[in-house]
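Everything on this sheet refers to the single structure shown next.
The values are calculated or read from the model by the stated rules, or taken from the named source; none is laboratory data. Nothing here was measured: the structure is a model prediction, and the numbers come from that model. We place every Cβ from the backbone using ideal geometry, glycine too, and count neighbours over all the protein chains shown. What goes into the accessible areas is simple: the full protein's heavy atoms, side chains included, and nothing from ligands, DNA or RNA. Shrake-Rupley method; radii C 1.70, N 1.55, O 1.52, S 1.80 Å.
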Amino acid sequence: VSQSRYNPGQTVNIRVTQGSLGTGTVSFPSTVDQPSGSAYTGSQIANAIDIVTMITFDSSLVFVSSIRNMI
């Protein structure tokens with residue numbers, strides 16, 4: 001994820017679907033701020049669906065919020 005691809009005020013939603021083994025990973029660069037400084041960790045359940053939202057209010061910071069294991 002590159003910060004230069006985001007415009008101030010932009011919101012991007014990403015659907016992350018685990019494979020049949022539930023062992024896939026997603027990572028973001030350190031320039032992306034995450035809740036409590038903790039990294040996003042995807043659901044570790046086979047075929048789980050997570051929604052990751054990236055929000056930017058200016059051109060210098062990108063924030064991440066996520067919902068895990070949608071049912």
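The table that follows gives values for the structure above.
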quantity	calculated
So residue 14, is it open to solvent by 50 Å² or more (accessible area, probe 1.4 Å), hydrophobic (A, V, I, L, M, F, W, C) and modelled with pLDDT of 80 or more	yes
Subset of the stretch 35-54 [in a loop (DSSP other than H, G, I, E, B), open to solvent by less than 40 Å² (accessible area, probe 1.4 Å) and either in contact with a Phe, Trp or Tyr (Cβ under 8 Å, 6 or more places away or on another chain) or at positive phi (or both)]	40
Test: residue 57 is under 16 Å from residue 8 (Cβ atoms), open to solvent by 50 Å² or more (accessible area, probe 1.4 Å), at pLDDT 85 or above and out of contact with any Asp or Glu (no Cβ under 9 Å at 6 or more places or on another chain)	yes
Residue, farthest from residue 70 (Cα to Cα), within the stretch 11-30, restricted to residues that are in contact with a strand residue (DSSP E or B) (Cβ under 7 Å, 6 or more places away or on another chain) and of a type in the set (Val, Ile, Thr)	11
Boolean, residue 63 is assigned to a loop (DSSP other than H, G, I, E, B), of a type in the set (Phe, Trp, Tyr) and either modelled with pLDDT of 80 or more or open to solvent by 90 Å² or more (accessible area, probe 1.4 Å) (or both)	no
Every residue from the stretch 5-25 that is over 17 Å from residue 51 (Cβ atoms) and of a type in the set (A, V, I, L, M)	21
Filtered residues of the stretch 42-53 (kept if in contact with a Ser or Thr (Cβ under 8 Å, 6 or more places away or on another chain) and within 18 Å of residue 65 (Cα to Cα))	42, 44, 48, 49, 50, 51, 52, 53
Test for residue 36: is it in contact with a helix residue (DSSP H, G or I) (Cβ under 9 Å, 6 or more places away or on another chain), closer than 24 Å to residue 8 by Cα, of a type in the set (Ser, Thr, Tyr) and modelled with pLDDT under 80	no
